[in-house]
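The values are calculated or read from the model by the stated rules, or taken from the named source; none is laboratory data. All of these numbers come straight from a predicted model, not from anything done at the bench. Cβ: placed from backbone, ideal geometry, glycine included. Neighbour counts: every protein chain shown. Surface areas here come from the heavy atoms of the whole protein model, side chains and all, with no ligands, DNA or RNA. Shrake-Rupley method; radii C 1.70, N 1.55, O 1.52, S 1.80 Å.
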Amino acid sequence: QVQLVESGGGLVQPGGSLNLSCVASGSIVSINRMGWYRQAPSKQRELVGRVTNTDSANYAESVKGRFTISRGNAGNTVYLQMNSLKPEDTSVYYCYAFVQRAGYSWFRDYWGQGTQVTVSS
């Protein structure tokens, strides 16, 4: 099994910052890419950004210049530094990882449970 656990969500005022973390654990052989999606009420889940195992990152247009994704040295952790937060960033943020499990030759996506980020004054 593979587990992803997020932390760092919460309530922040507009213009503030938050840092989300996600740790992947379990019977992992390799992680190709990790990233973050978000889903606001009554909206579809959307990509926030992702980073590969070569540290190549891409972002949604709505967060470029404000959010930064990075991976930890061990390769099983991903961070999302969110600056200049806006009310429209309010969502549940989900971590994902594209993982090869022990005993399998292919990769698949795994998801965390989500962490709430609320931007409000």
Principal axis box of the stretch 1-99, alpha-carbon based, largest edge first, Å: 39, 25, 21
Per-residue SASA entry for GLU61, accessible area with 1.4 Å probe, Å² rounded to 10: 140
Charge sum, other residues only, whose C-beta stays under 13 Å from ALA40's C-beta, Lys/Arg counted +1 and Asp/Glu -1: +1
FRET efficiency, SER25 to THR52 (Cβ-Cβ, R0 30 Å, nearest 0.05): 0.90
Positive-end residue of PRO41, ALA102, GLY16, charge dipole of the chain with Cβ unit charges: ALA102
Normalised convex hull volume, the stretch 1-41, alpha-carbon set, Å³ per residue: 104
FRET efficiency, SER121 to GLN3 (Cβ-Cβ, R0 30 Å, nearest 0.05): 0.30
Å² per residue, accessible surface of the chain at 1.4 Å: 53
Cβ charges +1 (Lys, Arg) and -1 (Asp, Glu), total dipole of the chain, debye: 140
Kirkwood hydrodynamic radius over Cα pairs of the stretch 38-91, then Stokes diffusion coefficient at 10 °C and 1.306 mPa s, in µm²/s: 131
The chain, accessible surface, carbon-and-sulfur percent (1.4 angstrom probe): 45
